[in-house]
Amino acid sequence: MFSMNEKVVYPGHGVAQVNRIVEKIIGGKSTTLFELKFLSKDMTILVPTDNARAIGIRKLSSEKSIDDIFLVLSQPVQWAGYHELNATSWSKRSKQYQFKIRSGDIVEISKIYRDLQHIGHRKELSFGERSLLQQTETLLAQEISMVKNLVEETAIQRLRSLFLLSQNNLNTKAAGARTHI
């Protein structure tokens, strides 16, 4: 499934490297495990090779998938309840967002990031929203930097620039609309 030194994505935690594949006796049965060393934190875990897929561990995205992510991020939010940004809707959205992050699906993570960026341009984000925005930005930047061979800070700047550009366009349109009234 994965080979030695291969970089993989562990859902919700980011990019890790397969340091080694080990055999251990667990419950009297020989089990093969991946030893994963996370690249952005001082953490190493053992994952049974049989459970890796069920956990959601996956290979890094392709360059085309990363390019597609930037397309997703540049799209406007398609959200029916967008105007209802109260505590009740945040609680519900937070649960949905956490579920999507745990899936490890980079497209879903990018949609969360996009949604929170757009919300942040309309109102000040709550602590929970800011934390989730930071988490999704980190997860995206780690994978983008690995796939595109960039420094992680450069990947973060590329992500943020999409929203600075869209915010500037909105401000320009709003100013233009005021002058035509």
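Here, each number is a calculation from the coordinates, and none is a lab measurement. Note that the coordinates shown come from a computational prediction; the quantities given were computed from them, not determined experimentally. A quick note on method: Cβ atoms are made from the backbone with ideal geometry, for glycine too, and the neighbour counts reach across all protein chains shown.
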Discussion item. What percentages make up the Cα-Cα pair-distance distribution of the stretch 87-150 when the bins are 10 Å wide from 0?
Written reply: 21, 54, 21, 4, 0
Worksheet entry | Inter-label distance for Met4 and Arg130, nm, one decimal - labels placed 7 Å from Cα along Cα-to-Cβ | 4.6
Practice prompt. Could you tally the net charge around Ala141, taking each other residue with its Cβ under 12 Å from the Cβ of Ala141, Lys/Arg +1 and Asp/Glu -1?
Written response: -1
Worksheet item: Looking at the stretch 1-73, which trypsin sites (Lys or Arg not before Pro) are DSSP coil and have at most 15 other C-beta atoms within 10 Å of their C-beta?
Response: Lys41
Worksheet entry | FRET efficiency, 1/(1 + (r/R0)^6) with R0 22 Å, evaluated for Gln96 and His121 via beta carbons | 0.60
Item to complete: Can you tell me the order of 90-101, 109-120 when each peptide is scored by its average per-residue count of other Cβ atoms within 10 angstrom, highest first?
Response: 109-120, 90-101
Fill in: Inter-label distance, nm, simple model (7 Å from Cα along the C-beta direction), Ile25/Leu39
3.7
Discussion item. Please enumerate, by chain and number, the lysines with C-alpha under 28 Å from the C-alpha of Lys64, excluding those fewer than 8 residues away in the same chain.
Written reply: Lys7, Lys37, Lys41, Lys100, Lys111, Lys148
Item to complete: Count charges around Leu39 for me, please; just the other residues with Cβ under 11 Å from its Cβ, Lys/Arg as +1, Asp/Glu as -1.
Response: 0
